[in-house]
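Inspection log for the structure reproduced underneath, given as structure tokens.
The values are calculated or read from the model by the stated rules, or taken from the named source; none is laboratory data. Computed from a prediction, not measured in an experiment: that's the story for all the values here. No Cβ is skipped: glycine too gets one built from the backbone with ideal geometry, and neighbour counts run over all protein chains shown. Just so you know, the surface numbers come from the protein's heavy atoms only, side chains and all, with ligands and any DNA or RNA stripped out. Shrake-Rupley method; radii C 1.70, N 1.55, O 1.52, S 1.80 Å.
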Amino acid sequence: MSTTQTLIPATLIPGDGIGTEITAATIEVLDALGAPFQWETCVAGLAGVTAFGDPLPQATIDSIERTRLALKGPLETPSGGGYRSSNVRLREKFKLYANLRPGKSLIPGGRFENIDLVLCRENIEGLYMGYEHYVPIDGDPHAVGMATGINTRQGCRNILKFAFDYAIANGRKKVTVVHKANIMKALTGIFLETAQQMYKDQYQGKFEFEEVIIDACAMKLVMNPWQFDVLVTTNLFGDILSDEIAGLVGGLGMTPGANIGEQAAIFEAVHGSAPDIAGKGIANPTALMMAAAMMLDHVKRKDLGDRLRQAIDDVLNKDKVRTGDLGGTATTDQYAKALVARIKG
Ligand code: NAI
């Protein structure tokens with residue numbers, strides 16, 4: 001790293017399960033690249049509960065408040081009962097309203113080739129606000145489960161503006177607005193109506209505008225994913241579609257995500273803590289590395305982000321060094337070393 005380079009403070013949350021392994025590999029590669037980050041290492045998720053009795057400790061919140069920038073490994077969340085997802089709490093706390101999920105083919109020869117899609121998901125409203133309860137009837141405490149979804153005009157505007165501006169800034173040709181306004185007329189009707197209005201008032205002609213209902217969109221994505229370019233949708237639909245898109249481009253181990261708001265930006269691998277392979281040294285760190293490349297773009301070091309993406313392409317496709325989930329035999333560490341060799345070579 002150049003001694004004159006100004007370092008950018010950033011929070012590092014290695015995460016649970018395979019998190020520590022893929023984070024170590026990512027930091028090794030970022031160091032080789034001379035990435036300009038000065039890390040503050042913090043815990044959350046199960047590691048937060050173990051260290052501080054809290055899945056989102058105050059020290060972690062304080063660090064992100066200072067740095068406004070974080071790289072995060074996967075955080076374990078119990079299903080059903082137990083504590084609330086630290087990921088959801090982080091998004092709410094820092095108002096990270098945009099979840100940006102590029103889906104790009106990294107390895108040729110898969111079921112689908114040459115995919116290059118971007119999904120923009122609303123990240124803090126909709127059915128994920130946690131307004132849920134059970135109604136007990138006749139001695140069954142869980143006789144009825146209820147949830148209330150909320151989408152606000154401003155929340156819709158925020159994510160739509162993000163997606164529309166992203167499309168223009170990145171030379172994208174089409175934005176598809178995904179909704180279910182035929183059935184959930186208010187909850188997703190407000191999203192469609194806001195999109196139509198904003199396009200008409202401010203964005204007309206700057207890109208092609210398309211509307212698709214969520215169920216049709218899910219089918220079209222597997223029939224012909226190349227018809228899409230940028231997709232924008234509400235929280236729950238976006239969560240599901242982003243994993244579908246990850247499946248089109250080689251699985252969760254390859255897919256990064258960014259959570260972006262006015263107060264902070266948090267970059268992450270979209271997969272979970274993979275407890276079935278944790279501690280074995282075989283996890284694929286590509287998703288977290290691709291997230292780190294997005295983080296470099298975000299701090300205006302696209303030059304370094306591009307070098308990292310190129311090294312990943314070379315190692316996967318020329319050196320054919322791949323982890324087990326991609327049919328290879330490399331360990332996490334061997335893969336990281338191959339990347340370092342490419343970056344330094
Ligand atoms: P998961 O993504 O951890 O695992 C699903 C499958 O994919 C497993 O077979 C796993 O071995 C494999 N896999 C995932 N990432 C991989 C990688 N980098 N390399 C190789 N194989 C990989 O999903 P699961 O099992 O449903 O969730 C486990 C835990 O992770 C749960 O506590 C869940 O709440 C949490 N989670 C956290 C997320 C986050 O922090 N962003 C996202 C999704 C789940």
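Listed here are the residues, each with its yes/no results for (1) more than 20 Å from the chain's Cα centre (by Cα); (2) among the basic types (Lys, Arg); (3) outside the structural domain of ALA292 (by TED's automatic domain parsing); (4) within 14 Å of the ligand (Cβ to nearest atom).
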{"position": "ASP31", "(1), (2), (3), (4)": "yes, no, no, no"}
{"position": "GLY45", "(1), (2), (3), (4)": "no, no, no, yes"}
{"position": "GLY48", "(1), (2), (3), (4)": "yes, no, no, yes"}
{"position": "LEU56", "(1), (2), (3), (4)": "no, no, no, yes"}
{"position": "ALA59", "(1), (2), (3), (4)": "yes, no, no, no"}
{"position": "GLY73", "(1), (2), (3), (4)": "no, no, no, yes"}
{"position": "GLY103", "(1), (2), (3), (4)": "no, no, yes, no"}
{"position": "GLY145", "(1), (2), (3), (4)": "yes, no, yes, no"}
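For segment 179-197, residues that are assigned to a helix (DSSP H, G or I) and surrounded by fewer than 18 Cβ atoms within 10 Å (Cβ to Cβ) total 4.
Taken over segment 292-318, the criterion of being under 16 Å from the mean Cα position of the chain (by Cα), within 16 Å of the ligand (Cβ to nearest atom) and open to solvent by less than 20 Å² (accessible area, probe 1.4 Å) is satisfied by ALA292, ALA293, MET295.
Taking the stated definitions as given, is PHE209 of a type in the set (Phe, Trp, Tyr), closer than 22 Å to ILE159 by Cβ and open to solvent by less than 10 Å² (accessible area, probe 1.4 Å)?
On the way: of a type in the set (Phe, Trp, Tyr): yes; closer than 22 Å to ILE159 by Cβ: yes; open to solvent by less than 10 Å² (accessible area, probe 1.4 Å): no.
No.
So which residues in segment 1-11 are more than 17 Å from ASP297 (Cα to Cα) and in contact (Cβ under 8 Å) with a residue 12 or more places away in the chain?
Initial filter on segment 1-11 (more than 17 Å from ASP297 (Cα to Cα)): 1-4.
Across segment 1-11, the qualifying residues are MET1, SER2.
The number of residues in segment 37-81 that are part of a helix (DSSP H, G or I) and among the hydroxyl-bearing types (Ser, Thr, Tyr) comes to 4.
On the given criteria, is GLU40 charged (D, E, K, R), within 26 Å of LYS337 (Cα to Cα) and touching a residue at least 40 places away in the same chain (Cβ under 8 Å)? Break it down into steps so the answer makes sense when it comes.
Values: charged (D, E, K, R): yes; within 26 Å of LYS337 (Cα to Cα): yes; touching a residue at least 40 places away in the same chain (Cβ under 8 Å): no.
Spelling it out, it is not the case that GLU40 is charged (D, E, K, R), within 26 Å of LYS337 (Cα to Cα) and touching a residue at least 40 places away in the same chain (Cβ under 8 Å).
Provide a single number: the residues in segment 143-178 that are part of a strand (DSSP E or B) and exposed (fewer than 11 other Cβ atoms within 10 Å of the Cβ). Let's see the steps before the verdict.
At the first step, the residues of segment 143-178 found to be part of a strand (DSSP E or B) are 143-150, 174-178.
Within this subset, residues satisfying the condition of being exposed (fewer than 11 other Cβ atoms within 10 Å of the Cβ) are 144-146.
Counting residues in segment 143-178 that are part of a strand (DSSP E or B) and exposed (fewer than 11 other Cβ atoms within 10 Å of the Cβ) gives 3.
Could you please let me know if TYR131 is among the hydroxyl-bearing types (Ser, Thr, Tyr) and open to solvent by 80 Å² or more (accessible area, probe 1.4 Å)? Answer is yes for this residue.
Looking at TYR131, TYR97, TYR83, which is the one that is within 12 Å of the ligand (Cβ to nearest atom), farther than 19 Å from GLY253 by Cβ and either hydroxyl-bearing (Ser, Thr, Tyr) or not assigned by TED's automatic domain parsing to the domain that holds VAL340 (or both)? Only one candidate passes the filter, namely TYR83. For segment 1-22, the tally of residues that are part of a helix (DSSP H, G or I), closer than 18 Å to MET294 by Cβ and more than 11 Å from the ligand (Cβ to nearest atom) stands at 0.
Scanning segment 105-129 for residues that are without any contact (Cβ under 8 Å) to a residue 40 or more places away in the chain and in a loop (DSSP other than H, G, I, E, B) turns up GLY109, GLU113.
Filtering ILE190, ILE213, ILE159 for residues that are modelled with pLDDT of 95 or more and either of a type in the set (Gly, Ala, Ser) or touching a helix residue (DSSP H, G or I) at 6+ places or on another chain (Cβ under 8 Å) (or both) leaves a single hit, ILE190.
Selection of first residues in segment 20-37 that are over 16 Å from ALA338 (Cα atoms) and of second residues that are more than 13 Å from the ligand (Cβ to nearest atom) and outside any helix (DSSP H, G or I), restricted to Cβ pairs under 6 Å at least 6 apart or on distinct chains, gives the following pairs, ordered by first then second residue: GLY34/MET1; PRO36/GLN5; PRO36/LEU7; PRO36/ILE8; PHE37/ILE8; PHE37/ALA10.
Looking only at residues of segment 100-128 that are under 24 Å from GLY250 (Cα atoms) and touching a Lys or Arg at 6+ places or on another chain (Cβ under 6 Å), we find that the one that is surrounded by the fewest Cβ atoms within 10 Å (Cβ to Cβ) is ASP116.
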